[in-house]
Each structure stands twice: as structure tokens, then as C-alpha cells.
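Read through the structure below, which is laid out as C-alpha cells, and then see the notes.
The values are calculated or read from the model by the stated rules, or taken from the named source; none is laboratory data. Since this is a predicted model, take the numbers as computed values, not measurements. Glycine also receives a Cβ, built like all others from the backbone with ideal geometry; neighbour counts cover every protein chain displayed. Just the protein is used for accessible areas: all its heavy atoms, side chains included, with ligands, DNA and RNA removed. Shrake-Rupley method; radii C 1.70, N 1.55, O 1.52, S 1.80 Å.
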Amino acid sequence: MPSADLPLEECLTYRPGLPLPDGFDAFWSSTLSEAPHDGVPEKPRYRPVDCGLAQVRTYDVSIPGYGGRPVRGWLHMPAGATEPLGCVVEFLGYGRGRGLAHEQLMWACAGYAHLIMDTRGQGWSAAGGVTADTDAGAAGAVPGFVTRGIESPETYYYRRVFTDAVRCVEAMLEHPEVDPARIVVTGFSQGGGIALAVAGLMPGPGPAGVMPDVPFLCNIPRAARIAGVAPYTEITDYLRLHRDRTASAFRTLSYFDAAHHATRATAPALFSVAMADEICPPSTCFTAYNRYAGPKDVRVYEFNGHEGGAEHHRAEQLAWVRSLFAGRRTGRADRS
């Protein structure tokens, strides 16, 4: 359906006032420097899986995430690779788990390592997940994840998820078959918001590029007020009941707004925005794009909803990653 949001010409210059919360950088520095609960970090584990595929090697991955708790995923690699690979780390859309081992093979078929992070607690929509979230937060959250632990930044669900995502990129930086100079983070919807957060939280060493695709979690105050469908409606449902918590809820959410993290991100970025998107309104995605601190480009799909560019955009991403990685090969021996 036609967009009820701002027209494209206004979105291209849309930079609303979005105050950074007090202690934003200190909060995240403290979060990412916390030791595991038992004080002894585990190593990532990679277990080979026989999927019956001759051209792709697949590993069942377990990476210590927030609090040292395991985060699962799949790592796909092209069979027969003899040198460090460029790598795409992918974060998933809301409700989606990592799925089955033989799914999502495009990046490995293109010659890259491809790590798919299972989002903790999710996996009820298009694909199943296996990573538990044991920190449910206080009672009273709306079903879903957007208000889970919203009482404070310290207890909020996405504190754990963003930390998990950073740990996954760190694991790829250390993986002997991955070139640390050629790592890109990407994701669709929720995954796009997570990718933006990682890009801002890991300015260096970190990802060489970021591809946020119709990103969720951008300009959350506006999104909660204009999006008429879930997941943003979880916020309005919560505040409809908890009428006295509006200020505290939006304060918590501000620490996780990808539009803030975008101001800290300097790696080259390729965004996508869909102008008829009711789930992630285009003005919210453009808030993050216009505030993004690094080199950036955007593909706009004027007549599409939340599906965005779909496979047309996958072709754009393939070409963009190939161009980004050209000339960036370093090899593990050159790493300092």
C-alpha cells in the first residue's frame, strides 16, 4: 500500500533531534568489557556438519555471548578454499532463528565465509532457533522481545543481543580461515539494526563494511508513534497499560537506538529502504542513514513494503561486497 510516512525528498534530508542519552558510550564500554559470569571465557566451538553438500562446508557454531552464555549459529564456507576468506556475518530478522544447516548458501557460493547468528530466544516465525534467553526480565512485558527487560538499560533484551553480535564478529576476526580485513556485517530488519549497532560499537578493529537492509530499531520514538503493526506496536501496547512509564521506557530504548549507533560507525555502508514499509517506516530508516558517520550509499525501493528489494537487493549486495573487498586482502600473516 502507499506510504503514509514522509515522501522520499523529505526523507533524504530528514535529521530529527534525537538526544543521545547520558552515559551512552560509558554504558556500552562497560557492557562489552564485562567478564563472563564464571570469570573464565570459553573459546568458540565449530563442529563440522554433513549436509550432503559437495561445494559448501558447514559448521555448527557455539560462541560465548553476553555473560559467556553460548550463542549458536551456522558457519558456511566454500569447499576447497586455500587462503583466508572474506566473511559476511549475518543477523536475522525479528522472530527468525538460524533455520536448517543447508539453508542460506548464497554468500558461501559466492566464495565467502558466512556466519549466521541465531538470535537468543527467537525462532518462531520463518525458521527455528536453538539459542535460549534466560534473562526474561520483570513481569508485565508485552509478548515478544521489544519490551523484555525495558525497566532499565541494564536489564533490556537487546543489551544481550548486541553483545552477542559483537562477540560473533570478534570470533570471525580470530578465525584462522577468515581474513580480518574483509569482514562485513549485514541483516534484514531486526538484523539491520543489529548490524548498525555492531558497526558503531566496533569502530576498529571491526567490520570493513555494513549492509543494513530496511533496518529496525531506528528512531524508536518516532517508529513507536507511527508504525501501525508489530513489532513496534509492542511498545505502544506496553505503554497503553503502563501509563506512568513512558519516559523511563524511551530512556531505556535510547541506548539501543541504531540511529545513535550509526553516529559512531565509520565503515562503508550500503543501506536499503522501502518507501511503503509499514513495519520499519522509511523516515526511521533514513534517520539512521542520514546520521551515519562513514561513507554510505542507499538503494530505495519506492513501491515496496517491508520485503524491500528482496533478491534484487541481494544482487546489489553481492556487487557491493565484491567491490569493497577488492584490494583489501591482507592474509593472516600480515595481521598485527
* Residue check, residue 40 farther than 18 Å from residue 132 by Cβ, surrounded by fewer than 18 Cβ atoms within 10 Å (Cβ to Cβ), modelled with pLDDT of 95 or more and among the β-branched types (Val, Ile, Thr) -> no
* Asked: In region 200-220, how many residues are of a type outside the set (Val, Ile, Thr) and either out of contact with any Gly (no Cβ under 7 Å at 6 or more places or on another chain) or open to solvent by 10 Å² or more (accessible area, probe 1.4 Å) (or both)?
  -> 12
* To do: For region 82-119, name all the residues that are among the charged types (D, E, K, R) and in contact with a Lys or Arg (Cβ under 6 Å, 6 or more places away or on another chain).
  => 118
* Structure fact -> Cβ pairs under 8 Å, 6+ apart or interchain, first in region 290-308 and in a loop (DSSP other than H, G, I, E, B), second open to solvent by 50 Å² or more (accessible area, probe 1.4 Å) and modelled with pLDDT under 95, ordered by first then second residue, are 305/1
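Here's the yes/no breakdown for (1) touching a residue at least 40 places away in the same chain (Cβ under 8 Å); (2) β-branched (Val, Ile, Thr):
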| position | (1), (2) |
| --- | --- |
| 197 | yes, no |
| 205 | no, no |
| 210 | yes, yes |
| 215 | yes, no |
| 224 | no, no |
| 228 | yes, no |
| 249 | yes, no |
| 259 | yes, no |
| 267 | yes, no |
* Asked: Which helices (runs of 4 or more DSSP H) does region 137-231 wholly contain that include 1 or more residues that are farther than 25 Å from residue 298 by Cβ and in contact with a Lys or Arg (Cβ under 8 Å, 6 or more places away or on another chain)?
  -> 157-174
* **Checklist (1) assigned to a strand (DSSP E or B); (2) under 22 Å from residue 209 (Cα atoms) applied to residue 107, failing item** => (1)
* Asked: In region 56-77, is there at least one residue being within 26 Å of residue 251 (Cβ to Cβ), at pLDDT 95 or above and either open to solvent by 40 Å² or more (accessible area, probe 1.4 Å) or not small (Gly, Ala, Ser) (or both)?
  -> yes
